[in-house]
Amino acid sequence: MRHAQRLDYVLECIGLTGNMLEFSRGPSPHQKIAQLTVETKSHRDTDHASHSLSRVICLGVCKDDKGDQLLSREYHLSEIEIAKDPTHPAHILPPPMPATAQILDIGCGAGQSLLAAYPGRVTFGIDIDLQALEIGRAITEEVKFTCGRAENLPFRDAFFDAVISRVALPYTNMSVSLREIRRVIKQNGTLWMTVHSFAVPWRVVKRTGLKGKIYFLYILVNSLLFNLFGRQFPFLHRYESFQTGSGITRVLRRTGFTGILVERGAHFVVKARAE
């Protein structure tokens, strides 16, 4: 997928739409800067919209040797702002947890969800994005950041009371990731995550070229395999899928979760309890 299409995914996740104005080479061969005009999808928040409408931001998209996407400082700082702004249409936070609960955020970025939902306490975050983790470490000492993947969590069994993940697991091998989550979460522990509906990749593919449409076909097939059989396969060393309520419920039950609750609204939220 081209860099411009990757940026469309970023904007979808933070509740913005964008029009590509300029796409030029950045300071190094491994970095490109795209200049975008962005505006909020919802005008419910007049104050935030006044800052967002028709503004130009720069998002740096870097790729390491494995093609992992590293998002820019501007993106992660905007995510922190959204996490702290309950009036923003893209704002969503995990539920309150007891003060003694050990909490892990998978795909934590710079720790925005942890800082906004559980301030003043020690929490844990894991992400593959080194730049995001560096930003988070510069902002807070409350979050214990680790670089790693959801499919191979570097934590001992039954260590966490709760695991949260906001729009990160759809970019992993979810069946493996959920098994790892079940391994590190305590019995009766809480799982809270937001995932992708079909509408997320569909909105993006309508604005893409041939390569984007080919990638969408991969997402479609991979998602059907996941939702029907709990299986997935990678494409160019990466995973992506969308979820259905019945599909994610089946996979969670097979993985050892119960009390599964699916909420479909502005966000696709899934809650479950470890058996």
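Only the coordinates and a few stated rules stand behind these numbers; no lab work does. Being a predicted model, the structure only gives us computed values, none of them experimental. In this analysis, Cβ positions are derived from the backbone assuming ideal geometry, glycine residues included, and neighbour counts consider all displayed protein chains.
Observations, loosely collected:
- Listed values for region 164-174 are Karplus-derived 3J(HN,Hα) couplings in whole Hz (6.51 cos²θ - 1.76 cosθ + 1.60, θ = phi - 60°), namely 10, 7, 10, 6, 10, 4, x, 9, 10, 6, 5, and x replaces Gly and Pro.
- Cα gyration tensor, region 194-272 - rounded (a/c under 1.5), prolate or oblate: oblate
- Within region 215-259, backbone nitrogen closer than 11 Å to the virtual label 7 Å beyond the Cα of E275 toward Cβ: 252-259
- Size descriptors for region 103-274 (Cα atoms only): Rg and Dmax, in that order, 16.0, 48 Å.
- Length gained on full extension, L77 to C147: 23.3 nm, using 0.36 nm per residue less the C-alpha separation.
- Per-pair calculated FRET efficiency, R0 = 35 Å: V176 and E134 via Cβ, rounded to 0.05: 0.85
- In this rough spin-label picture, where each label sits 7 Å from Cα along the Cβ direction, the L217-K186 distance is 4.9 nm.
- Exposure proxy ranking, count of Cβ atoms within 10 Å, fewest first, for D129, D161, D85: D85, D161, D129
- Three-way shape label, region 80-149, alpha-carbon gyration tensor, a/c 1.5: oblate
- Cβ-Cβ FRET estimate between L224 and H267, R0 fixed at 35 Å, reported to 0.05: 0.95
- By the count of neighbouring beta-carbon atoms within 10 Å, fewest first, T172, T244 end up ordered T244, T172.
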